[in-house]
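Heads up, the thing below is written out as C-alpha cells.
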Amino acid sequence: MEQAPFPHDLIQLQVAWNRTYAALAAPRPTAGHAELRRRLVVLSTRLYWHPFWSGPGRTPAARARLRIHARPSSAQSRAHACPGEGAAQ
C-alpha cells in the first residue's frame, strides 16, 4: 500500500474523530455524551479548516482517502475500543 500524502497531525485528527464518533454511536448514552458531542464538533471544525486542505489539488476525494486511511483494521479497532478515550482536550 502506498504511503498517504497526509500530514501526521491531520491523520491523528481523523483518528480522534473516528473514535469520538464511534463512542457517540454506542447503543447506551453515557454520562459524558454531551462532552463527546462537543468534542466531535471541535474535531470536525479542525479537520475541515486544517491548512492541508488549502493546497492545490485538495479535492473531496482526498478527504475520502483520509477517512479510509485513518480507519483502523479490525484487529486495531478491537485493541483500541475505549469509548471515552481522548474525550477531554
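The values are calculated or read from the model by the stated rules, or taken from the named source; none is laboratory data. This one's a predicted model, so the numbers in the text were calculated from it and none came from an experiment. Cβ: placed from backbone, ideal geometry, glycine included. Neighbour counts: every protein chain shown.
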> Taking only pairs six or more apart or across chains, which ones have beta-carbon atoms under 6 Å, a first residue in the stretch 21-39 that is in contact (Cβ under 8 Å) with a residue 12 or more places away in the chain, and a second residue that is surrounded by 14 or more Cβ atoms within 10 Å (Cβ to Cβ) and among the hydroxyl-bearing types (Ser, Thr, Tyr)?
Replying inline: Leu36/Thr20; Arg39/Thr20
> Within the stretch 32-73, which residues are touching a helix residue (DSSP H, G or I) at 6+ places or on another chain (Cβ under 7 Å), of a type in the set (Lys, Arg) and farther than 15 Å from Gln14 by Cβ?
Replying inline: Arg37
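Here's a check for you: in the stretch 79-89, which residue that is farther than 16 Å from Ile11 by Cβ and surrounded by 12 or more Cβ atoms within 10 Å (Cβ to Cβ) is modelled with the lowest pLDDT? First the steps, then the outcome.
From the stretch 79-89, those farther than 16 Å from Ile11 by Cβ are 79, 81-85, 87-89; that's our starting set.
Narrowing the set further to residues that are surrounded by 12 or more Cβ atoms within 10 Å (Cβ to Cβ) leaves 81, 83-85, 87.
Values: Ala81: 45, Pro83: 44, Gly84: 46, Glu85: 45, Ala87: 40.
Filtering first and then ranking leaves Ala87.
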